[in-house]
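Heads up, the thing below is written out as structure tokens.
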Amino acid sequence: MTMIKSNFYRSAPAWGLGWAGVLALLLAGCTARQYRRTADDRNYQIIAQTEVRVLGQTNAFTIDTAYSHRRPAEILPEELINDRIRTNRRVLTVEDALELAMANSREYQRAKETLYLTALRLANTRYNVRGHIRPSSVTTASASRDSKGHHVSTITTDTGLEITRLLTTGGRLTVNALNSIMLHYSGRPELSFSRVSGSLVQPLLREFGRNNPAVEALTQSERNMVYAVRTFALYQDEFALGIANDYFRLLQQKDNIRNRYTNYLGRVQATQRLEARAKDRERLSDVDQARQAELAARNSYVNTVAAYFTALDQYKIRLGLPLSERIHLDDAALTAVEQNGLVPVALDPLAAYHLAVSKQLQMLNYIDQFEDSQRAVRLAADKLKPGLTLAGRAELESRRPTDYARFNADQVATEVSLQLDLPLDRLPRANAYREALIAFELDLRNFTRRLDDLKNDIDRGLRTLEQRRLNYENQRNALLLANRRVESTTLLLEAGRAEVRDLVEAQTAQIDAQIAVTAALVDHQDSRLQLMLNIGALRTDRPQFWLQDHLAGLGVAGASPPESPAPPDQPVVPPDQLFDH
């Protein structure tokens, strides 16, 4: 409780009014930044504590951007317009792309802000529900003229302190302290008093303990914070995987461009050779056929180049870079993937399912949210109980009229009551309970569907991964055959033992095989990393996570040893054997 000393009484009202105005202006102007820092410190602490509890680790987290510490009025449209046409040049590695995306991506920034806002809502809930210490001070200055024409000036100051605390039993304890001082125009205290009061409200049957709405609101808010941390951590992995996958798809397109350009040059050389021999040995129709294939190769090359730069612009947008920036992707990343080879996945479907249920962050949220629906049934059942509430209040006020600093303990006013609320009208509560049961069964069905979807994603992911492994091996063998076919067909054509269409077909098969090999390699990596994400094993914080074996060190029960790639001449399984299983 704040006491105001007697020398304040001798202050002139006009003087007090002036200083009150100055103080209000100073508080309004100098604390905005402090309020922001205080909110950030509190919310970042909530996030860090929840991350340590849920994930076992925490990282530096901030929602600040390049504009966060500037006044909004200073950020003019012209600045933003000019910023989007800057013409930087940079060579971009995968690591660079990930770093730029996390710093500039609009989607990633929004995900961070969503997590921050969840922490902010939790802080508000803790303040409003769990309890708080709330000081208050209001000074009112007024001037008026009475019916006799006399000027009347007063300054009233109300200073208070409220302390509330939510008990684990569902009760609420509140303590209030109040000073109220009114000064007349002469500076003499017209009226002053102080009051201290305390109250306790404790449910004894309905809404007791964990069934209390305030306790439940705090519990749910705390759990929502856990869900938000898991969701953001999963989003970080999904986002990093998406940026990396898009990068390798662009490298695949670059490789496609090079292959199509090489193919085009080969078609040009074939046409030139045929033209040189057309005077005496080749038919003109064969030359036209070769030229037609050359033009088709040129057209494919032009279209592939256009598609690449369109995709590159989309990638810039996803990274948050201006479209005017010129970026060059580092081909060494694709070379490293080729040299690393196909990373084996030593995992059977059942082991993968159990791993996902215990580690996949979204599935952990689903499990906990199913528990939320169970708790909702318990709360609805509690509403069917009679209400019995114990309430107590005590109040002590200073002596009047002006001796506001002295209290008489014998003058404490107390009140104790017991309120019984019999649920005579049961229909609304019974219907609410039945509705909660129906909602629970709906949540149960949704939960089992999510488990089935997870199992389906894992089984399909494993099948797709094996399919793409075989595709990669087949395409590599197909490329060897296509290269050999072009060489032999070229020699046969020069010897007059092959047709032009044979060379055209061989070259077409070669370019298709070249494109397919790179596509199969990138597809396999994409499928493997997506499977690791689905089962909760993907760690995008590891260096070059796209090359890593994320199952290593997990000790997964039921994991099978890695299989050797099937040899090219191994026969496929007949349909009857497949369907017998």
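The values are calculated or read from the model by the stated rules, or taken from the named source; none is laboratory data. These numbers were taken from a predicted model, which means no experiment stands behind them. No Cβ is skipped: glycine too gets one built from the backbone with ideal geometry, and neighbour counts run over all protein chains shown. To get the accessible areas, we keep the full protein, side chains included, count just its heavy atoms, and leave off ligands, DNA and RNA. Shrake-Rupley method; radii C 1.70, N 1.55, O 1.52, S 1.80 Å.
A compact table of results
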{"read-out": "Single residue of region 76-121 satisfying the filter (among the polar types (S, T, N, Q) and within 30 Å of THR219 (Cα to Cα)) that is most open to solvent (accessible area, probe 1.4 Å)", "value": "THR114"}
{"read-out": "Some residue of region 450-468 being open to solvent by 90 Å² or more (accessible area, probe 1.4 Å) and under 30 Å from ASP382 (Cα atoms)", "value": "yes"}
{"read-out": "Residues of region 468-526 that turn out to be in a helix (DSSP H, G or I), farther than 20 Å from LYS254 by Cα and acidic (Asp, Glu), as a count", "value": "5"}
{"read-out": "Residue selected from region 188-216 under the condition within 13 Å of THR157 (Cα to Cα) and buried (at least 16 other Cβ atoms within 10 Å of the Cβ), by the criterion modelled with the highest pLDDT", "value": "SER194"}
{"read-out": "Flag if LEU250 is under 30 Å from LEU538 (Cβ atoms) and of a type in the set (A, V, I, L, M, F, W, C)", "value": "yes"}
{"read-out": "Candidate set: region 511-554, residues that are at positive phi and touching a residue at least 40 places away in the same chain (Cβ under 8 Å); chosen: the one least open to solvent (accessible area, probe 1.4 Å)", "value": "GLY536"}
{"read-out": "SER137 open to solvent by 60 Å² or more (accessible area, probe 1.4 Å) and more than 36 Å from the chain's Cα centre (by Cα)", "value": "yes"}
{"read-out": "Helices (runs of 4 or more DSSP H) wholly inside region 21-123 that include at least 1 residues being at pLDDT 95 or above and touching a helix residue (DSSP H, G or I) at 6+ places or on another chain (Cβ under 8 Å)", "value": "32-55, 94-104"}
{"read-out": "Candidate set: region 300-315, residues that are open to solvent by less than 90 Å² (accessible area, probe 1.4 Å) and not hydrophobic (A, V, I, L, M, F, W, C); chosen: the one farthest from THR271 (Cα to Cα)", "value": "TYR315"}
{"read-out": "Single residue of region 252-290 satisfying the filter (among the hydrophobic types (A, V, I, L, M, F, W, C) and modelled with pLDDT under 80) that is most open to solvent (accessible area, probe 1.4 Å)", "value": "LEU284"}
{"read-out": "Qualifying residue in region 45-61 (condition: out of contact with any Leu (no Cβ under 9 Å at 6 or more places or on another chain), over 30 Å from ASN224 (Cβ atoms) and without any contact (Cβ under 8 Å) to a residue 24 or more places away in the chain)", "value": "no"}
{"read-out": "Meets criteria (free of Cβ contacts under 8 Å to residues at least 12 places away in the same chain and outside any helix (DSSP H, G or I)) for ASP425", "value": "yes"}
{"read-out": "Restricting region 224-251 to residues that are open to solvent by 40 Å² or more (accessible area, probe 1.4 Å) and more than 16 Å from the chain's Cα centre (by Cα), the residue that is farthest from ARG110 (Cα to Cα)", "value": "ARG249"}
{"read-out": "Given (1) more than 30 Å from LEU98 (Cβ to Cβ); (2) at pLDDT 90 or above; (3) of a type outside the set (Asp, Glu), number of the condition THR540 does not satisfy", "value": "(1)"}
{"read-out": "Test: ARG501 is closer than 23 Å to LEU284 by Cα and either open to solvent by 60 Å² or more (accessible area, probe 1.4 Å) or modelled with pLDDT of 95 or more (or both)", "value": "yes"}
{"read-out": "Residue within region 130-144 that is within 23 Å of PHE208 (Cβ to Cβ), at pLDDT 75 or above and assigned to a helix (DSSP H, G or I) present", "value": "yes"}
